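Peer 1: My questions all concern the structure below.
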Amino acid sequence: MDFEPSSEQQMLIDQVRRYVREEIIPLEAKLDPDASELPPEDFKRLTDKTKAMGLFGIDIPREFGGPDIDIVTRVLLAIEMAQHRAGLYVPCYGTFGGAGLAQIFEANEGQKERYLYPTLRGEKKAFFGLTEPSGGSDPARAIQTRAERRDNGWVLNGAKIFISNADRAQYGIVFARTDASKGRGGITCFIVDSDTPGFHVRRVVHTLRSSHYATELEFKDCWVSDHQVLGEVNKGFAVANDRLTRQRIPYAAGCIGVAIAAHEMAVEWAKMRSTFGEKLANRQAVQWMLVDNEIDIRTARHFTLEAAEKARRGLPFRTEAAIAKLTASEGGGRVVDRAMQIHGGMGMTKDLPLERWYREMRIRRVGEGPSEVQRMVIAREILGSNLR
Amino acid sequence: MSIRLRLDKPWRPLAAEEVARLPGQLGVYQVGDAQGRVLFIGQAGARSPFGLRSELQRELAERGAGCQFRLEVNQQYRSRWFELLMVHQADHGRLPPDNAENPPPNLGRLSPS
Ligand SMILES: Cc1cc2nc3c(=O)[nH]c(=O)nc-3n(C[C@H](O)[C@H](O)[C@H](O)COP(=O)(O)OP(=O)(O)OC[C@H]3O[C@@H](n4cnc5c(N)ncnc54)[C@H](O)[C@@H]3O)c2cc1C
């Protein structure tokens, strides 16, 4: 496969690269190193700019008003968008918009009116509520939140943990068990408004990420109508699985962007810094770290573009997405770690973005399915699907 | 596992000698009036030259005598700061007066049990 960008793709890449370097990086100098949002006036000014560039909401399909950019191009752009301090989790501080929750594109017309269109207009935000205290790697077995049939609707009881953005969202996609006798065939997906009585965001879950935090949820006799079922009753696991698989590709792209930025910083530093009368760049020990960085970045880029290309062509890409997520999150973590080492003491400080990337990259080996689960997905492909 | 949502340590006087002894660490703090009414919830982030000490020195210089403070050393100073603001809002129906003048964008909502 040829992964060299076409001239059109290169033009978009250059546009986004300029935007990141001229608009985002200088603004970050004024922000707290852990900040994940811009002051409202900067956010508005920059969002107007991305709209004028025709790149607002790049993951929104054309039928819903998006610019119709294919997934391979989106990966190439996501790699650029991540190359700044907050980039790994909040590429360009959300100024390129984005639907966030692709599965509501599959919602019925009433749900689209109520949730999808306001989300696309930026009036509503959503969360994705899958993980529970009983586990996130194997949700088909772990989900204990129950939804029981009552009064033309459902009553939800249970808890979720590690849910990003739930305290700021107007609604969320929540997975609950509707048939206790079945595993993955007994889970239903509900759209829950945050002002529904019985829905509570109990606390912030503090992680090493600090700014873009997760939360703990409780459902206490929380009644939702039949209209709130997304898709079909007992078919919710497929919705979750589809979202997780798709999400792994942009997730990998973000890791690659940060790895490229960290590697560039390490190369510059190695050429500039001298010890024992010699530039660091002349030391084989340092050169080899840079070589390993290059290999980790190219490997992750290759596999992520391969996964995106399969998705673009409508081919199965589950294994490829797992390989992309694995190589990018693990390789990206190694690159940032080596870049910190080459920077010595400076690498440990909050003066540089490396320590933030180091912490966020560590989370990426667990979030959206831990590395071990990605390996399990790949092993099933190698050994046969009857392996459970 | 018990998780402390509220910052309920004893108040200390916001005075030069108290503040001079503070650590140069990251964290969160509250400033209260003489009756212990929370006026402001702040954070000492990486841009504070001496962390909590410099933030509370600044508070003292701006507010003068008669206030109190309490603090928590915390590496997760931003998520903890957001959490304290949201818990205050849930408990009192509004932000502390000095935060209400300049609230952080997109502050979320909690309903702590
Ligand atoms: C900051 C943050 C934000 C998050 N945001 C969200 C969100 O918005 N929505 C949401 O639903 N979830 C979210 N998550 C949850 C995340 O998806 C889960 O943490 C993750 O899927 C792992 O689940 P778990 O933590 O329950 O670990 P467990 O499932 O308990 O697994 C623990 C560990 O066991 C190992 N393991 C598991 N299975 C296997 C296996 N088959 N073979 C070998 N080893 C294995 C892995 O090392 C794994 O890390 C978030 C997590 C974090 C940290």
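The values are calculated or read from the model by the stated rules, or taken from the named source; none is laboratory data. Everything quoted here is computed from the prediction, not taken from an experiment. Cβ sites come from the backbone with ideal geometry, for glycine too, and all protein chains shown count toward neighbours. We work out accessible area using only protein heavy atoms, side chains counted, and drop any ligands, DNA or RNA first. Shrake-Rupley method; radii C 1.70, N 1.55, O 1.52, S 1.80 Å.
Peer 1: How do the helices (runs of 4 or more DSSP H) wholly within the range A:1-91 filter down when requiring 1 or more residues that are farther than 26 Å from A:TYR117 by Cα and hydroxyl-bearing (Ser, Thr, Tyr): which remain? Walk me through it before giving the result.
Peer 2: Numbers: elements: A:7-19, A:25-28, A:40-52, A:71-81.
Passing ranges, in order: A:7-19.
Peer 1: Being open to solvent by less than 70 Å² (accessible area, probe 1.4 Å) and either in contact (Cβ under 8 Å) with a residue 60 or more places away in the chain or not aliphatic (A, V, I, L, M) (or both) is the filter here, so list the residues in the range A:259-291 that pass it. Spell out how you get there, then give the answer.
Peer 2: The first filter runs over the range A:259-291 and keeps only residues open to solvent by less than 70 Å² (accessible area, probe 1.4 Å), leaving A:259-263, A:265-267, A:269-270, A:274-275, A:280-281, A:286, A:289-290.
Residues satisfying the conditions are A:ALA259, A:ILE260, A:ALA261, A:ALA262, A:HIS263, A:MET265, A:ALA266, A:TRP269, A:ALA270, A:SER274, A:THR275, A:LEU280.
Peer 1: Going by the conditions given, is A:SER371 free of Cβ contacts under 8 Å to residues at least 60 places away in the same chain, within 15 Å of the ligand (Cβ to nearest atom) and either under 17 Å from A:SER137 (Cα atoms) or surrounded by 15 or more Cβ atoms within 10 Å (Cβ to Cβ) (or both)? Don't jump to the end; show me each part of the working.
Peer 2: On the way: free of Cβ contacts under 8 Å to residues at least 60 places away in the same chain: yes; within 15 Å of the ligand (Cβ to nearest atom): yes; either under 17 Å from A:SER137 (Cα atoms) or surrounded by 15 or more Cβ atoms within 10 Å (Cβ to Cβ) (or both): yes.
In short, yes.
Peer 1: Collect the residues in the range A:202-259 that are within 14 Å of chain B (Cβ to nearest Cβ), touching a strand residue (DSSP E or B) at 6+ places or on another chain (Cβ under 8 Å) and either in a helix (DSSP H, G or I) or small (Gly, Ala, Ser) (or both), keeping them in residue-number order.
Peer 2: A:ALA214, the sole residue that qualifies.
Peer 1: Continuing with this model, one more query. Quick one: in the range A:354-368, which of the residues that are within 14 Å of chain B (Cβ to nearest Cβ) and away from the ligand (no atom under 11 Å from the Cβ) is surrounded by the most Cβ atoms within 10 Å (Cβ to Cβ)?
Peer 2: Here the answer is A:LEU354.
Peer 1: Restricting to the range B:65-77, what's the tally of residues that are open to solvent by less than 30 Å² (accessible area, probe 1.4 Å) and more than 10 Å from chain A (Cβ to nearest Cβ)?
Peer 2: Filtering the range B:65-77 for residues open to solvent by less than 30 Å² (accessible area, probe 1.4 Å) gives B:67, B:69, B:71, B:74, B:77.
Adding the requirement that they be more than 10 Å from chain A (Cβ to nearest Cβ) leaves B:67, B:69, B:71.
Counting residues in the range B:65-77 that are open to solvent by less than 30 Å² (accessible area, probe 1.4 Å) and more than 10 Å from chain A (Cβ to nearest Cβ) gives 3.
Peer 1: Out of (1) outside any helix (DSSP H, G or I); (2) more than 16 Å from the ligand (Cβ to nearest atom); (3) open to solvent by less than 70 Å² (accessible area, probe 1.4 Å), the odd one out for A:ASP351 is which?
Peer 2: (3)
Peer 1: Say we look at the range B:78-107 and pick out the residues that are facing chain A (nearest Cβ under 7 Å) and not in a loop (DSSP other than H, G, I, E, B); which of these is surrounded by the fewest Cβ atoms within 10 Å (Cβ to Cβ)? Quick ask: steps written out before the conclusion?
Peer 2: First, the residues of the range B:78-107 that are facing chain A (nearest Cβ under 7 Å): B:78-80, B:82-83, B:86, B:105-106.
Checking which are not in a loop (DSSP other than H, G, I, E, B) leaves us with B:78-80, B:82-83, B:86.
Numbers: B:ARG78: 26, B:SER79: 24, B:ARG80: 22, B:PHE82: 25, B:GLU83: 26, B:MET86: 24.
Here the residue is B:ARG80.
Peer 1: Output the number of residues of the range A:202-217 satisfying the condition of being under 21 Å from A:PRO370 (Cβ atoms) and away from the ligand (no atom under 14 Å from the Cβ).
Peer 2: Matching residues across the range A:202-217 total 0.
Results for (1) out of contact with any Leu (no Cβ under 8 Å at 6 or more places or on another chain); (2) without any contact (Cβ under 8 Å) to a residue 12 or more places away in the chain; (3) more than 16 Å from the ligand (Cβ to nearest atom), shown as yes or no for each residue.
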residue	(1), (2), (3)
A:ALA180	yes, no, yes
A:ILE187	yes, no, no
A:HIS200	no, no, yes
A:PHE219	no, no, no
A:GLY231	yes, no, yes
A:ASP242	yes, no, no
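Peer 1: Can you confirm whether A:ARG85 is within 23 Å of A:VAL205 (Cα to Cα), within 16 Å of the ligand (Cβ to nearest atom) and touching a residue at least 12 places away in the same chain (Cβ under 8 Å)?
Peer 2: no
Peer 1: Something else: Can you tell me which of A:VAL335, A:VAL373, A:VAL366 is under 30 Å from B:GLY45 (Cα atoms) and in a helix (DSSP H, G or I)? Steps first, please.
Peer 2: On the way: A:VAL373 fails: under 30 Å from B:GLY45 (Cα atoms); A:VAL366 fails: in a helix (DSSP H, G or I).
Of the residues listed, the single one that is under 30 Å from B:GLY45 (Cα atoms) and in a helix (DSSP H, G or I) is A:VAL335.
Peer 1: Scan the range A:133-146 and report the pairs whose first residue is away from chain B (no Cβ under 14 Å) and farther than 15 Å from A:ASN157 by Cα and whose second residue is more than 11 Å from the ligand (Cβ to nearest atom) and outside any helix (DSSP H, G or I), with Cβ atoms within less than 8 Å and a gap of 6+ or a chain change.
Peer 2: Pairs that qualify, where the first residue is away from chain B (no Cβ under 14 Å) and farther than 15 Å from A:ASN157 by Cα and the partner is more than 11 Å from the ligand (Cβ to nearest atom) and outside any helix (DSSP H, G or I), are A:PRO139/A:ILE187; A:ALA140/A:GLY183; A:ALA140/A:ILE187; A:ARG141/A:GLY183.
Peer 1: Considering (1) touching a residue at least 12 places away in the same chain (Cβ under 8 Å); (2) within 14 Å of another protein chain (Cβ to nearest Cβ); (3) in contact with a Lys or Arg (Cβ under 8 Å, 6 or more places away or on another chain); (4) under 27 Å from A:GLU216 (Cα atoms), say which one B:ILE3 fails and leave the rest.
Peer 2: (1)
Peer 1: Here's another thing I want to ask about it. Being touching an Asp or Glu at 6+ places or on another chain (Cβ under 9 Å) and either closer than 26 Å to A:ASP32 by Cβ or of a type in the set (A, V, I, L, M) (or both) narrows it down to one of A:ALA126, A:ALA86, so name that one.
Peer 2: Details: A:ALA126 fails: touching an Asp or Glu at 6+ places or on another chain (Cβ under 9 Å).
Of the residues listed, the single one that is touching an Asp or Glu at 6+ places or on another chain (Cβ under 9 Å) and either closer than 26 Å to A:ASP32 by Cβ or of a type in the set (A, V, I, L, M) (or both) is A:ALA86.
Peer 1: Got a sec? Which of A:LEU38, A:LEU76, A:LEU88 is within 14 Å of chain B (Cβ to nearest Cβ) and surrounded by 16 or more Cβ atoms within 10 Å (Cβ to Cβ)?
Peer 2: Values: A:LEU76 fails: within 14 Å of chain B (Cβ to nearest Cβ); A:LEU88 fails: within 14 Å of chain B (Cβ to nearest Cβ).
Matching residue, one of A:LEU38, A:LEU76, A:LEU88: A:LEU38.
Peer 1: What about B:LEU110, is it surrounded by 21 or more Cβ atoms within 10 Å (Cβ to Cβ), more than 15 Å from the chain's Cα centre (by Cα), outside any helix (DSSP H, G or I) and in contact (Cβ under 8 Å) with a residue 12 or more places away in the chain? Step through it out loud before you land on a result.
Peer 2: Details: surrounded by 21 or more Cβ atoms within 10 Å (Cβ to Cβ): yes; more than 15 Å from the chain's Cα centre (by Cα): yes; outside any helix (DSSP H, G or I): yes; in contact (Cβ under 8 Å) with a residue 12 or more places away in the chain: yes.
Yes, satisfied.
Peer 1: What residue, of B:ALA44, B:ALA34, B:ALA15, B:ALA61, is among the hydrophobic types (A, V, I, L, M, F, W, C) and within 14 Å of chain A (Cβ to nearest Cβ)? Give the derivation first.
Peer 2: Values: B:ALA34 fails: within 14 Å of chain A (Cβ to nearest Cβ); B:ALA15 fails: within 14 Å of chain A (Cβ to nearest Cβ); B:ALA61 fails: within 14 Å of chain A (Cβ to nearest Cβ).
The match here is B:ALA44.
Peer 1: So A:VAL335 ticks every box in (1) surrounded by fewer than 22 Cβ atoms within 10 Å (Cβ to Cβ); (2) out of contact with any Lys or Arg (no Cβ under 9 Å at 6 or more places or on another chain); (3) more than 18 Å from A:GLY367 (Cα to Cα) but one. Which box is left unticked?
Peer 2: Of everything listed in (1) surrounded by fewer than 22 Cβ atoms within 10 Å (Cβ to Cβ); (2) out of contact with any Lys or Arg (no Cβ under 9 Å at 6 or more places or on another chain); (3) more than 18 Å from A:GLY367 (Cα to Cα), A:VAL335 misses just condition (1).
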